[in-house]
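Below: the structure, in structure tokens.
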Amino acid sequence: MKIYINGEYYDKADAQISVFDHGLLYGDGVFEGIRIYNGRVFKLKEHIERLYQSAKAILLEIPVSNGGMEEAVIGAVKINKKENGYIRLMVTRGEGLLGIDPTTCRRPTIIIIVSDIQAYPEKYYKNGIGIITASSRRIPSDCLDPRIKSLNYLNNIMAKIEARQANCLEAVMLNKEGFVTECTGDNIFIVKNDELLTPASYQGALDGITMSTVIDMANSLKIKTLKTSLTRYDIYNSDECFLTGTGAEIIPVIKIDGRVIGNGRTGAITRRLIKGFKELVMEF
Ligand code: PMP
């Protein structure tokens, strides 16, 4: 495995950054998780654009152009000879003094790791998963905009711990007002009366790239979509439910908080979307 750090490649054992990097000290930085299918990088432009928007929002100037970053990602995939896998692209504030002041950091650290994908076991894509509602609420979007994909995931990790303690793989997070936001690392959709509904980002959801891909697919299948406000009641009484994310792709949810969703099996619309998504990533 060859890891890219600031324009150079290192073997895994030699890939090191400073303990004074504010990415480590304070989670000060932004990142993307990206998929490689058949040797090609899926939705690369969209991921790079989101990375730069996250960076702009936290006043982090990435010292490489968008095009240069795209080339760096493609270069890292090539050098690792990866046909199918996962890319972790990170930009931290860089090395600085102790203390949160980012002005002490002179140069951001850019890291690209090309690795294997840690997907859920295959059986869950057919049979679906059970999830819970976490008691940890999502950080309000007026405190930290959920569209910023930052290195600071403790809010999500707290909810993930709750999921694991309840023997589940994922947990849905509510905002302070009790509206559904997203899961710890995935967006959430429900199907109600043949319409696809997902929480709007202002409720506290990341603008997921898989979410957008699913919405585009639904539009071309003439399935109505809406970004809206949802409560737990809406999920409990939905016909179908599924999660989307770069790692998870589309994973059906058949149970939440002990309530069975629909008939307890992966729904027809979810199955169509999973099939469509599989075809899409083979062809793009
Ligand atoms: N929400 C959160 C909190 C995430 O971390 C992710 C990505 N893992 C998603 C949603 C899904 O976004 P995307 O489809 O762009 O991977």
For ASP116 and ASN193, what is the calculated FRET efficiency with R₀ set at 41 Å and r taken between the beta-carbons, to the nearest 0.05?
-> 0.55
Please tell me the relative contact order of the chain in percent, rounded to the nearest whole number, where contacts are Cα pairs under 8 Å and at least six residues apart.
-> 18 percent
Long-range Cα-Cα pairs in the chain (distance over 23 Å), rounded percent | 56 percent
Report the relative contact order of region 125-219, percent, no decimals, based on alpha-carbon pairs under 8 angstrom and at least 6 residues apart.
-> 29 percent
Any trypsin sites (Lys or Arg not before Pro) in region 98-139 that lie in a DSSP loop and have at most 12 other Cβ atoms within 10 Å would be ARG106
One point scatterer per Cα, no solvent, Debye formula: log10 I(q)/I(0) for region 163-284 at q = 0.16, 0.22 Å⁻¹ comes out as -0.71, -1.40
To the nearest 10 degrees, how steeply does helix 66-79 sit against the main Cα axis of the chain, on a 0 to 90 scale?
-> 90 degrees
With LYS160 itself left out, Lys, Arg at +1 and Asp, Glu at -1 over residues whose Cβ is under 15 Å from its Cβ give -1
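Which longest run of the chain has no exposed loop site in it, a site being GluC sites (Glu not before Pro) in a DSSP loop with at most 14 other beta carbons within 10 Å, and the site itself not part of the run?
178-284
With a cap of 10 neighbouring Cβ atoms within 10 Å, and only residues DSSP puts in a loop, list the chymotrypsin sites (Phe, Trp or Tyr not before Pro) found in region 1-91.
Details: sites: TYR4, TYR9, TYR10, PHE20, TYR26, PHE31, TYR37, PHE42, TYR52, TYR86; in loops: PHE20, PHE42.
Filter output for region 1-91: empty list.
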Computed over the chain: longest principal axis from alpha-carbon atoms vs helix 154-165 long axis, angle to nearest 10 degrees, is 50 degrees
All other residues with a Cβ under 14 Å from the Cβ of LYS81 taken together, and with Lys, Arg as +1 and Asp, Glu as -1, what is their net charge?
-> +2
Summed side-chain charge close to MET69 - residues other than MET69 whose Cβ falls under 12 Å, Lys, Arg +1, Asp, Glu -1 | -2
For ASN84 and LEU24, extending 7 Å from Cα along the Cα-Cβ vector and measuring point to point gives, in nm, a value of 3.5 nm
Whether region 1-130 is rounded, prolate or oblate, judged on the alpha carbon gyration tensor where a/c under 1.5 counts as rounded = prolate
Can you list the residues, at least 5 places off or on another chain, whose amide H is less than 5 Å from the amide H of VAL253, using H built in the peptide plane?
-> ILE129, CYS241, PHE242, LEU243
Tell me the trypsin sites (Lys or Arg not before Pro) within region 1-84 that lie in a loop according to DSSP and have at most 13 other beta-carbon atoms within 10 Å.
-> LYS81
Under 16 Å from a label point 7 Å along Cα→Cβ of TYR236: give me every residue in region 255-270 with its amide N that close.
-> 255-262
How high is the FRET efficiency from LEU59 to ILE157, r the C-beta distance, R0 22 Å, rounded to 0.05?
-> 0.35
Which links in LYS45/LYS123; LYS82/LYS227; LYS81/LYS160; LYS43/LYS149; LYS126/LYS278; LYS224/LYS275 stretch past 24 Å when you go from one Cα to the other?
-> LYS45/LYS123; LYS82/LYS227; LYS81/LYS160
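Read the figures in this text as sums done on the coordinates, not as results from a lab. Because the structure is a prediction, the values reported are computed rather than measured. Note: ideal-geometry Cβ built from the backbone for every residue, glycine included; neighbour counts use all protein chains shown.
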